[in-house]
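Following: one structure in structure tokens, then a few remarks.
The values are calculated or read from the model by the stated rules, or taken from the named source; none is laboratory data. It should be emphasised that the depicted structure is a prediction, and the values quoted were computed from it without experimental measurement. We place every Cβ from the backbone using ideal geometry, glycine too, and count neighbours over all the protein chains shown. Quick note on the areas: whole protein, heavy atoms, side chains included, nothing else; ligands and nucleic acids left out. Shrake-Rupley method; radii C 1.70, N 1.55, O 1.52, S 1.80 Å.
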Amino acid sequence: MNTSDQILRSPQFTKIAGEMAAVGRFLADRGWSPATSSNYSTKIDPDHIALTRTGVDKFKMTSEDVIIVNRSGEVLAPREQRASAETLIHTTIYNHVPTAEAILHTHSPENTRLSLHFLNHGEVIFEGYEMQKGLEGNSTHEQKVHVPIVPNAQDMQAFSLVVEDLFRKSPKMHGFLIAGHGLYTWGSSLKLAQRQVETFEFLFRCLTLEMAGV
Ligand SMILES: [Zn+2]
């Protein structure tokens, strides 16, 4: 039995996978991960990442839907499983944000719609919302929150270079939007990553209301 198989059978992995499944069902319940979309990950140790396997219905997600990949995005265990096409985005984020312990990617109607609407601006900006404090390390509503937007792509190898460039331009971002696609955000724990998603989705909803004239 090699190291990754041992990790797969460890109580630590069982706990992480169970927590990821609970978060996955929470996000799906809110309509933020429809139709098997979205993927989530958590760092197990510096070399191993727990990641959702491809094609999982997040409403019914269980710990069985979590696999182990390495920092290059290759599946280590169970070997017969396939990782999501977007695995490289996760590994690129971990490479650029050493404090990130978990990454969540969601497809809500609001984040998808706003990412297209503001694509020409290159970002969505929030200002004056108390909930901006829900983003990790933000202690005030007075500072603007910038959420960069990058065009969507299907070639993940090329797209990971776009994400790398994004981190060079916006090293302090809390997350980013892919146009017409969805949100990537992260936290120093899975719980905090979930709080980031909830905060962002609240802000996206508020902006949608603002644009509707409410
Ligand atoms: Zn996606």
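Remarks
- Scope segment 167-198; condition within 16 Å of the ligand (Cβ to nearest atom) and hydrophobic (A, V, I, L, M, F, W, C); matching residues: Phe176, Leu177, Ile178, Ala179, Leu183, Trp186, Ala193, Val197
- Any hit, segment 78-92, residues being under 21 Å from Glu198 (Cα atoms), part of a loop (DSSP other than H, G, I, E, B) and under 17 Å from the mean Cα position of the chain (by Cα): no
- Top-ranked residue of segment 10-51 - restricted to ones that are closer than 22 Å to Gly73 by Cβ and either open to solvent by 40 Å² or more (accessible area, probe 1.4 Å) or free of Cβ contacts under 8 Å to residues at least 12 places away in the same chain (or both), ranked as nearest to the ligand (Cβ to nearest atom): Thr36
- From the options Gly73, Gly55, residue that is open to solvent by 10 Å² or more (accessible area, probe 1.4 Å) and within 13 Å of the ligand (Cβ to nearest atom): Gly55
Here's the yes/no breakdown for (1) over 16 Å from the mean Cα position of the chain (by Cα); (2) modelled with pLDDT of 95 or more; (3) basic (Lys, Arg):
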{"residue": "His107", "(1), (2), (3)": "no, no, no"}
{"residue": "Ile125", "(1), (2), (3)": "yes, yes, no"}
{"residue": "Glu130", "(1), (2), (3)": "yes, no, no"}
{"residue": "Ser160", "(1), (2), (3)": "no, no, no"}
{"residue": "Leu166", "(1), (2), (3)": "no, yes, no"}
{"residue": "His174", "(1), (2), (3)": "no, yes, no"}
{"residue": "Thr185", "(1), (2), (3)": "no, yes, no"}
{"residue": "Arg195", "(1), (2), (3)": "no, yes, yes"}
{"residue": "Glu198", "(1), (2), (3)": "no, yes, no"}
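- Given (1) charged (D, E, K, R); (2) in contact with a His (Cβ under 9 Å, 6 or more places away or on another chain); (3) surrounded by 15 or more Cβ atoms within 10 Å (Cβ to Cβ), number of the condition Glu130 does not satisfy: (3)
- Subset of segment 168-189 [open to solvent by 10 Å² or more (accessible area, probe 1.4 Å) and either among the hydroxyl-bearing types (Ser, Thr, Tyr) or in a helix (DSSP H, G or I) (or both)]: Arg168, Lys169, Ser170, Ser188, Ser189
- Of all residues in segment 97-118, those that are open to solvent by 40 Å² or more (accessible area, probe 1.4 Å) have Cβ atoms under 7 Å from Cβ atoms of residues that are more than 16 Å from the ligand (Cβ to nearest atom) and assigned to a loop (DSSP other than H, G, I, E, B), 6 or more apart or on another chain, in Thr99/Ser188; Glu101/Ser188; Glu101/Ser189.
- Candidate set: segment 191-214, residues that are surrounded by fewer than 22 Cβ atoms within 10 Å (Cβ to Cβ) and hydrophobic (A, V, I, L, M, F, W, C); chosen: the one nearest to Gly137 (Cα to Cα): Leu192
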